[in-house]
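Take a look at the structure set out below.
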Amino acid sequence: MLRVARKPRGNKYSAKQTACRAGHAHPSKKEARRCNDLHLLQMAGEISDLQIGPKFFFEVNGRTLLHDNGRRAVYTPDFVYRQRGGQLTAEDSKGMRVRDWPLRKALFRACYPDIEVIES
């Protein structure tokens, strides 16, 4: 039987995976550029505690939110860092708004009211 090699699928939003200067692989050029900027801001002392892609799980009334398949509902921002004044910030590099983003953002704000959410 003759097998035909399949062309690998690209990103569904046509984003190109790109590495930042720190060596992290990011799913888009925009996110890699923002990572470079954030590393410079951290070296300059404007921000601290930079994290790439941490996971935040949603809980309501002490119960973990689960999808129908049993997986925990999660929000993974592109970056989390502490601003100079001490404010913890979760940042997402949005090239395109996806359908579930407003709901996920609202859930995150309700579950983590002390963390500011911004889009870049």
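Does Tyr75 qualify as being closer than 16 Å to Phe108 by Cα and either at pLDDT below 90 or hydroxyl-bearing (Ser, Thr, Tyr) (or both)? Break it down stepwise before answering.
Values: closer than 16 Å to Phe108 by Cα: yes; either at pLDDT below 90 or hydroxyl-bearing (Ser, Thr, Tyr) (or both): yes.
It is true that Tyr75 is closer than 16 Å to Phe108 by Cα and either at pLDDT below 90 or hydroxyl-bearing (Ser, Thr, Tyr) (or both).
Among the residues of segment 36-71, write down those that are in contact with an Asp or Glu (Cβ under 9 Å, 6 or more places away or on another chain) and under 21 Å from Lys105 (Cβ atoms). Working first, answer last.
First pass over segment 36-71, keeping only residues in contact with an Asp or Glu (Cβ under 9 Å, 6 or more places away or on another chain): 38, 40, 42, 52-53, 65.
Leu38, Ile52, Gly53, Leu65, listed by residue number.
Cβ-Cβ below 7 Å, separation at least six or inter-chain, first residue in segment 106-119 and closer than 11 Å to Thr89 by Cβ, second part of a helix (DSSP H, G or I): which pairs?
Sorted first by the residue in segment 106-119, then by its partner, the pairs are Val117/Lys105; Val117/Phe108; Val117/Arg109.
Which residue out of Leu65, Leu103, Leu50, Leu88 is of a type outside the set (Gly, Ala, Ser), more than 12 Å from the chain's Cα centre (by Cα), modelled with pLDDT of 85 or more and more than 15 Å from Val117 (Cα to Cα)?
Details: Leu103 fails: more than 15 Å from Val117 (Cα to Cα); Leu50 fails: more than 15 Å from Val117 (Cα to Cα); Leu88 fails: more than 15 Å from Val117 (Cα to Cα).
That would be Leu65, the only listed residue that is of a type outside the set (Gly, Ala, Ser), more than 12 Å from the chain's Cα centre (by Cα), modelled with pLDDT of 85 or more and more than 15 Å from Val117 (Cα to Cα).
The values are calculated or read from the model by the stated rules, or taken from the named source; none is laboratory data. Note that the structure is a prediction, hence the values are computed from the model and not measured. A quick note on method: Cβ atoms are made from the backbone with ideal geometry, for glycine too, and the neighbour counts reach across all protein chains shown.
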